[in-house]
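Some notes on the structure that comes next.
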Amino acid sequence: MTNLIKKLFGEKTSFSIEFLAGFTTFLTMAYIILANADILSVTGMDKTALIAVTCLVSGIVTIVSGIYTNSPIALAPGMGLNAYFAFTLVLNQGISWPVALGIVFVSGFIFLLVTICGLRKMIIAAIPKELLSAITVGIGIFIAFMGLQNIGLVIDDPATLVKAAPITKTILIGLAGLLLMILLELKRIKGSLLIGIFFATLLSIVLGEVELPDKVFSLETNVSQIFGKIDIIGALKISFLAPIFSMLFIDLFDTIGSLLGLSQQIETADKGGELPHMDRLYIIDASASMFGAVCGTSTTTTYVESASGIASGGRTGLTSIVTGLLFLLATLFIPVFAIVPKYATAPALLMVGFFMMSNIQRIDFSDLEIGFPSFIIILMIALSYSISTGLAFGFLSYSLVKIFRGKISEIKPALWVINLLCILFFVV
């Protein structure tokens, strides 16, 4: 068995490490099962069907990604993109959810064409290496900020936007899980993030913060109310060009930022910071959006939470296969996975953010021409709560600095196209 696994996924593969990594990625992503259903159900879509579709789509595309790309990258319906789908397209603009699914499909198809035609490679080649490192750092802070919110340590405030929350029992439980993760990391014990998540969940049960589920199995996997209800023809209207472009831009640059950031955490990445099968990952991401739309969910995309599995030692597609299989199993065990609280998985996000911060040493902040745009990317990804927005501000600031310095020739042609897309993104 071990020899077969090494033959398929590489000599450095250890089944136990990859399994733990896949399990860790799943636990840090499992919140999407209920969160995606909660958000999309406001459109009138059946919530039970949405839960099942979220599990099925995430499981299938992540397994395919693991097999096709041999990379520890997981995919699921994207947070933010699902909110745009539900609240902007359906509730605010009055677009029916079948047509909105058609818009998702069309944007995914265009993304696929961009990748196949080689435009994606031109975009990456036009971005300076320091900005790529800044993307990784920005995503790390973004993930850590998510962790602080999920643990309950940082909350909103009308005067200062955010503030530290009073210490509660659940915050202490989350911090206990974080402390255990740190101690295990210091001891170089594999699976530290997963062990910390389990410990925090068990502690929550013992202290009465989490109740055991009434049932273990759930066979409510009927998806007929939303599966195949997509209206692609209805989405092919001139009036829908703006939402199609907005969704394409967000998905394209979120995916570019996420994959570049994740790639730099994996030793198999090349000197450009890309994985050997990066093109395949973009093809999977675009195809996943189209597949998810047909099944009945909003844009499916690469998840930065994959970094938790990478931080746990995941290096091959076996990690993704494990994650995908757990998503499929979750359709039967939703009551069990539902008891894992967000404050138990939040410490893993904090640790991942810490690991990704190491890339900041690759940025020369003494050089204002590259240091300031890098700073903008890091700052805006975290504070705008959007990878694509952070990249748009960063790319534009880089170009503006070069123009003011009289170094227009250093701006590659593809970056001018990126800048135009960034401006259109803000205008739209």
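Tabulated data
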quantity	calculated
Tensor-based shape of segment 302-393 (alpha-carbon gyration tensor, a/c under 1.5 rounded, otherwise prolate or oblate)	prolate
Positive minus negative residues near residue 363 (Lys, Arg vs Asp, Glu; Cβ under 13 Å)	-2
Segment 43-146: relative contact order in percent, alpha carbon pairs under 8 Å with at least 6 residues between	17
Segment 125-222: GluC sites (Glu not before Pro) in DSSP coil with no more than 14 other Cβ atoms inside 10 Å	211, 220
Neighbourhood charge, 15 Å Cβ-Cβ cut-off, centred on residue 303 and excluding it, Lys, Arg +1 and Asp, Glu -1	-4
Förster radius 41 Å - calculated FRET efficiency between residue 168 and residue 16 (Cβ-Cβ, nearest 0.05)	0.70
Shape of segment 122-201, Cα gyration tensor, a/c cut at 1.5	oblate
222 nm mean residue ellipticity, helices alone, for the chain (DSSP H n ≥ 4; -39,500 (n - 2.57); rounded to 500)	-21000 deg cm²/dmol
Simple label model, 7 Å out from Cα along Cβ direction - residue 332 to residue 237, nm	4.4
Helical segments meeting 20 Å axial Cα length and Kyte-Doolittle 1.0 threshold in the chain (DSSP H)	15-29, 47-69, 97-116, 129-151, 169-186, 192-206, 241-263, 317-337, 342-356, 368-383, 387-404, 413-427
Pairwise label distance in nanometres, residue 407 with residue 161, each label 7 Å out on the Cα-Cβ vector	2.9
Out-of-range pairs (alpha-carbon distance over 23 Å; input 47/342; 121/237; 163/342; 47/163; 215/342; 163/190)	121/237; 47/163; 163/190
Entry for Cα extents along the principal axes in Å (calculated from the structure that is shown) out of [x] 65, 62, 44; [y] 91, 49, 37; [z] 65, 57, 52	[z]
Chymotrypsin sites (Phe, Trp or Tyr not before Pro) restricted to segment 190-223 and DSSP loop, no more than 14 other C-beta within 10 Å	217
Residue 372-residue 116 pseudo-label distance in nm [points 7 Å out on the Cα-to-Cβ vector]	4.2
Cα gyration tensor shape of segment 37-182, rounded if a/c is under 1.5, else prolate or oblate by comparing a/b with b/c	oblate
Sparse-neighbourhood loop sites, GluC sites (Glu not before Pro) in segment 254-358 - DSSP loop, at most 12 other Cβ within 10 angstrom	267
Calculated FRET efficiency for the pair residue 358/residue 189, C-beta based, R₀ 22 Å, to 0.05	0.65
Max mean-square fluctuation residue, GNM over the chain, Cα-Cα springs under 10 Å, options 345, 201, 136	201
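Here, each number is a calculation from the coordinates, and none is a lab measurement. Just so it is clear, the structure is predicted and the values come from calculations on it, not from any experiment. Cβ atoms come from the backbone with ideal geometry, glycine included; neighbour counts cover every protein chain shown.
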